[in-house]
Amino acid sequence: MVASTQEFKILVADDSRLYRKLVEETLAQEHYDVCYAKNGREAVDLLADHRPALVITDWDMPDITGIELCAQIRSDQGSYDDTTSS
C-alpha cells in the first residue's frame, strides 16, 4: 500500500519567517500536510498534537535550538511508539 502525500505530516520549525515561507512554497507543490512553528517551544507543542513523520528544523533558534529539539524528539520517541502499537 502506498501512502498519499496528504497522510505524510511534516513539521517545520524556524524562527525566520522568510525560511518558513521558502519551505512552505517548496512543500506546497507536493500537497503534504505541513504545520509550522515559529520557535522551538511552539514546535514541541505541535509535535504532541500532530505527530509528524518528518521534522525540518532550524539549527539556531532563540528558545530551543534545533539540536535540543531533536534530542527531545529522540527522548520522547518511546512514548510515541507506545501509543502506535495498539
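The values are calculated or read from the model by the stated rules, or taken from the named source; none is laboratory data. Values in this document were obtained by computation on a predicted structure and should not be read as measured data. Cβ coordinates were reconstructed from backbone atoms using ideal geometry, including for glycine residues, and neighbour counts include every protein chain displayed. Surface areas here come from the heavy atoms of the whole protein model, side chains and all, with no ligands, DNA or RNA. Shrake-Rupley method; radii C 1.70, N 1.55, O 1.52, S 1.80 Å.
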Taking the stretch 31-41 and keeping only residues that are open to solvent by 40 Å² or more (accessible area, probe 1.4 Å) and over 13 Å from residue 53 (Cβ atoms), one is left with 31, 36, 38, 39, 41
Can you pull out the residues in the stretch 18-39 that are in contact (Cβ under 8 Å) with a residue 12 or more places away in the chain and over 10 Å from the mean Cα position of the chain (by Cα)?
19, 20, 23, 24, 27, 30, 31, 32, 33, 38, 39
Step by step: first the residues of the stretch 1-12, then only those that are hydrophobic (A, V, I, L, M, F, W, C) and either modelled with pLDDT of 90 or more or not in a loop (DSSP other than H, G, I, E, B) (or both), then the one that is farthest from residue 44 (Cα to Cα). Which residue is that?
10
Of those in the stretch 30-79 that are touching a Cys at 6+ places or on another chain (Cβ under 9 Å) and outside any helix (DSSP H, G or I), the residue farthest from residue 11 (Cα to Cα) is 57
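If we scan the stretch 13-29, do we find a residue that is open to solvent by less than 50 Å² (accessible area, probe 1.4 Å), in contact with a helix residue (DSSP H, G or I) (Cβ under 7 Å, 6 or more places away or on another chain) and either assigned to a helix (DSSP H, G or I) or at pLDDT 90 or above (or both)?
Narrowing the stretch 13-29 to residues open to solvent by less than 50 Å² (accessible area, probe 1.4 Å): 13-14, 16, 20, 23, 27.
Still in the list and also in contact with a helix residue (DSSP H, G or I) (Cβ under 7 Å, 6 or more places away or on another chain): 13-14.
If we keep only those that are either assigned to a helix (DSSP H, G or I) or at pLDDT 90 or above (or both) too, we end up with 13-14.
Yes, that holds for at least one residue.
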Under 7 Å between Cβ atoms, which residue pairs at least 6 apart in sequence (or on different chains) link something in the stretch 52-78 that is open to solvent by 80 Å² or more (accessible area, probe 1.4 Å) with a partner that is outside any helix (DSSP H, G or I) and hydroxyl-bearing (Ser, Thr, Tyr)?
59/65
